[in-house]
Each structure stands twice: as structure tokens, then as C-alpha cells.
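The values are calculated or read from the model by the stated rules, or taken from the named source; none is laboratory data. Here the structure is a predicted model, which means the values were calculated and not measured. Don't worry about glycine lacking a Cβ; one is built from the backbone with ideal geometry, like all the others, and counts go over all protein chains shown. Areas reflect the complete protein model, heavy atoms only, side chains present, ligands, DNA and RNA absent. Shrake-Rupley method; radii C 1.70, N 1.55, O 1.52, S 1.80 Å.
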Amino acid sequence: MPFEGEYEPSPAQWVREQVELYESSGGTRGTTLRDTGLPVVVLTMRGARSGRIRKVPLMRVEHGGRYAAVASKGGDPSHPVWYFNLRADPHIELQDGPERRRMTAREVTGDEKDQWWRRAVAAYPPYAEYQEKADRVIPVFVLEPDDPDPAPTGG
Ligand code: F42
């Protein structure tokens, strides 16, 4: 089921362009972070105040069909705005390459967070530096499929 509502592209040009390329190519182009070659996913969510649709590229941290969303914002001292969007409405769509799935975001803490943090740093090592410079504890969400084992379509 597609996300309904008006799409408000990111004010950051490089983010907006990455989302455009990712989506317009059906998840076959724009799927890595600039020079790193490391994979990126796109989260579609609802803006907590505007109610508009927001799309946020994040590093791909996947384990067993679940994903982590790391609110690092490059080690910025403040949380990204999308962190508050997910807290207000955790229902999202995740695009990983050509595949799109509805998922629900849940902020993790304690041992569960430690485990996902290790996976996140393994997928994208700069997260460790971002945590050192951020002067805040970087939040992590786990994204879990609403339908964990969808039936094959068509036939
Ligand atoms: N950011 C990360 O935090 N983690 C990553 O792993 C990550 C990877 C990544 C890979 C590729 C890429 O292109 C970007 C990547 N980013 C990553 C950057 C990420 O996509 C976001 O740009 C970044 O985290 C900043 O998020 P932000 O939500 O703070 O974005 C700002 C620039 C933004 O879009 N602000 C909007 C604006 O108009 O200023 C507001 C967006 C919004 O959601 N507004 C809400 C609404 O209701 O519509 C609420 C407004 C409010 O005031 O409450």
C-alpha cells in the first residue's frame, strides 16, 4: 500500500537528489553513499508537524530481514528531525534497492541497542567517530516488517 499524502522533498540538495535518483531508477541507481560505495536505504515517513511525507536516505544496516535506523546526522550535536517523526509515527516504508516494504520503527535501548550498534558500526564504521564527536547518545531504531513473510504475488 503506497504512502498517502503530499511529498515534501528534503531541503538538503544532496539528500533530495539521492532520493530522486534512488526512486526514479527503481532502486538500481543512487543506492550507495557518495565515495564510500556503501549501501543506502530510503525511509518514507510522515512529518510530525506538517503531516507531509518525508523521505530520508540512511545507511543500510540489515540483519535477518530487520534493519537499524541510526540517527547520527554525521555526528551533529542535535538529533535529526526525522528522529522525532519516527517517535511520533513509527509506521514507515523502507526501500532497499528495488524492494519496498511496510515496517514499524521501535527505538532500542540496553543490550538490544548494543547489539544493533555493533552491526551498525560493522556496516558503516564512521558511526563510531560520529558517536565520539556528537556529545549526545545517538539513537537507534530497529525497523521490523509489518508482514514478516509476504506471500509471493502473481502466479
Ligand atoms: N543521516 C543519518 O542520521 N544517518 C545515516 O545513516 C544517514 C545516511 C545517509 C546516506 C545517504 C544520504 O544521502 C544521507 C544520509 N543521511 C543520514 C542524512 C539523512 O538523510 C538526513 O538528511 C539527516 O539525518 C538530517 O535529517 P533531518 O530530518 O534533520 O533533515 C533536515 C535537513 C530536514 O529535512 N529538515 C526539514 C526542514 O524542512 O528543515 C524538516 C523535515 C521534517 O521532517 N519536518 C517535520 C514535518 O512535520 O514535516 C517536523 C518539523 C519539526 O520542526 O518538528
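Could you tell me which residue out of GLY74, GLN115, HIS91 lies farthest along the dipole of region 34-121 toward its positive end? Charges go on the beta carbon: Lys and Arg +1, Asp and Glu -1, centred on the Cα centre. Of the listed residues, the answer is HIS91. With contacts taken as Cα pairs under 8 Å and at least 6 residues apart, region 28-127 reaches a relative contact order of 27 percent. In the elastic network of the chain, a GNM with C-alpha springs shorter than 10 Å, the most mobile of ARG29, ARG49, ARG136 is ARG49. As a ratio to 2.2 N^0.38 Å, the alpha-carbon radius of gyration computed for the chain takes the value 1.01.
Per residue, the convex hull spanned by the alpha carbons of region 35-93 comes to 100 Å³.
Quick check on region 68-108: take the gyration tensor over C-alpha atoms, sort the square-rooted eigenvalues as a ≥ b ≥ c, and tell me if it's rounded (a/c under 1.5), prolate or oblate. Verdict is oblate for region 68-108. Here region 52-99 is treated with +1 on each Lys and Arg Cβ and -1 on each Asp and Glu Cβ, and its dipole about the Cα centre works out to around 180 debye. For the chain, a simple Cβ point-charge model (Lys and Arg +1, Asp and Glu -1, everything else neutral) yields a dipole of about 260 debye relative to the Cα centre.
A Gaussian network model of the chain, with springs between Cα atoms under 10 Å, assigns the largest mean-square fluctuation among ASP111, ASP89, ASP35 to ASP35.
If the cut-off is 16 Å between C-alpha atoms, which lysines fall inside it for LYS133, apart from same-chain ones fewer than 8 positions away? Answer for LYS133, where 16 Å is the Cα cut-off: LYS73, listed by chain and number. Accessible area per residue for region 55-131, computed on protein heavy atoms with a 1.4 Å probe, is 49 Å². Using the rule -39500 (n - 2.57) for each DSSP H run of four or more residues, divided by the residues of the chain, the 222 nm mean residue ellipticity is -8500 deg cm²/dmol.
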